[in-house]
Amino acid sequence: MSKGKIKVGPVRCIFPVLAEPKGFNETDKPKYSIRVLIPKTDKTTVKAIYDNVTLTVNSMDWTQAVKQKVLKIAKDFQNADNDNAIIKDGDKINQRRLDEGGEVIDAYNGHYLLTAKNSYAPTIVGADTIPIAGIKIEGGDYVNLQLSNWCYSKPKPGTTWNLEAVQLVKKGEPFAIKTMFDEIEELDEDEEVPFNEIS
């Protein structure tokens, strides 16, 4: 196993879990995590990410066949189900959601996604690089990330991003949440609320 450090950003984040570690189901080990959106037009960042994982994998004491296998899986971002890809294609994920009868996530359109996790709390700093306790980073904010790329050949080949530090670049517009509400007329203070009757 090996790791190679990289700085990614500024990028817009979505679904940050930085205040306390969480697991997505009962069997998951709670972790701190963040997902960021990389515009598909940002070829410089995508190239830096691919160069990082290529250098990391090539530094390993593995056979050439194993290295090629790890790199193939790591760079297979077209496969929306490939959890070991270093980035994922947001449009492909949305298409899969549609095919399964789900709703798309608008923010994913036109972006690659990068997810990083850590069992330990990452360092969080402001623009002045001084650690700030309790700083709140929310979905829609712009951040820089310091990551380690972990590559492994067993039990199956793959890579993952280890979240080391987050820098808040600037607050961003929060992502809109789709609601289930219908438009209603505003009621006067003396009007009764029209509750639904259960028969």
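The values are calculated or read from the model by the stated rules, or taken from the named source; none is laboratory data. What you see is a predicted model; the values in this text were computed from it and never measured. We place every Cβ from the backbone using ideal geometry, glycine too, and count neighbours over all the protein chains shown.
Considering (1) in contact with a helix residue (DSSP H, G or I) (Cβ under 9 Å, 6 or more places away or on another chain); (2) buried (at least 20 other Cβ atoms within 10 Å of the Cβ), the lone condition that Val166 does not fulfil carries the number (1).
Yes or no, residue by residue, for (1) touching a Leu at 6+ places or on another chain (Cβ under 9 Å); (2) modelled with pLDDT of 70 or more:
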residue: Gln146; (1), (2): yes, yes
residue: Ser153; (1), (2): no, yes
residue: Gly158; (1), (2): no, yes
residue: Ala165; (1), (2): yes, yes
residue: Leu168; (1), (2): no, yes
residue: Gly172; (1), (2): no, yes
residue: Ala176; (1), (2): no, no
residue: Asn196; (1), (2): no, no
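Annotation: Glu103 fulfils all but one of (1) under 19 Å from Phe24 (Cβ atoms); (2) touching a residue at least 40 places away in the same chain (Cβ under 8 Å); (3) in a loop (DSSP other than H, G, I, E, B); (4) in contact with a strand residue (DSSP E or B) (Cβ under 8 Å, 6 or more places away or on another chain); the unmet one is (4). State yes or no: is Ile49 assigned to a helix (DSSP H, G or I), of a type outside the set (Asp, Glu) and at pLDDT 90 or above? So Ile49 passes the test. Which of the residues that make up the range 55-84 are buried (at least 17 other Cβ atoms within 10 Å of the Cβ) and not in a loop (DSSP other than H, G, I, E, B)? Passing the criteria: Thr56, Val57, Lys67, Lys69, Val70, Leu71, Ile73, Ala74. Every listed requirement among (1) within 21 Å of Phe175 (Cα to Cα); (2) over 16 Å from the mean Cα position of the chain (by Cα) is met by Asn52 save one, (1).
From the residues in the range 20-46 that are assigned to a helix (DSSP H, G or I) and without any contact (Cβ under 8 Å) to a residue 12 or more places away in the chain, which one is surrounded by the most Cβ atoms within 10 Å (Cβ to Cβ)? Show your work before the answer.
As a first pass, look at the range 20-46 and keep what is assigned to a helix (DSSP H, G or I): 43-46.
Subset that is without any contact (Cβ under 8 Å) to a residue 12 or more places away in the chain: 43-44.
On the way: Lys43: 10, Thr44: 8.
Looking at residues that are assigned to a helix (DSSP H, G or I) and without any contact (Cβ under 8 Å) to a residue 12 or more places away in the chain, I get Lys43.
When you check Asp128 against the structure, is it closer than 20 Å to Gln167 by Cα and assigned to a loop (DSSP other than H, G, I, E, B), yes or no? Lay out the reasoning, then the answer.
Working: closer than 20 Å to Gln167 by Cα: yes; assigned to a loop (DSSP other than H, G, I, E, B): yes.
Yes: the conditions hold for Asp128.
Report yes if some residue within the range 139-146 is among the acidic types (Asp, Glu) and surrounded by fewer than 16 Cβ atoms within 10 Å (Cβ to Cβ); otherwise report no. Checked the range 139-146: no residue is among the acidic types (Asp, Glu) and surrounded by fewer than 16 Cβ atoms within 10 Å (Cβ to Cβ). Scanning the range 85-100 for residues that are part of a loop (DSSP other than H, G, I, E, B) and either over 18 Å from the mean Cα position of the chain (by Cα) or of a type in the set (Ser, Thr, Tyr) (or both) yields one hit, Glu100.
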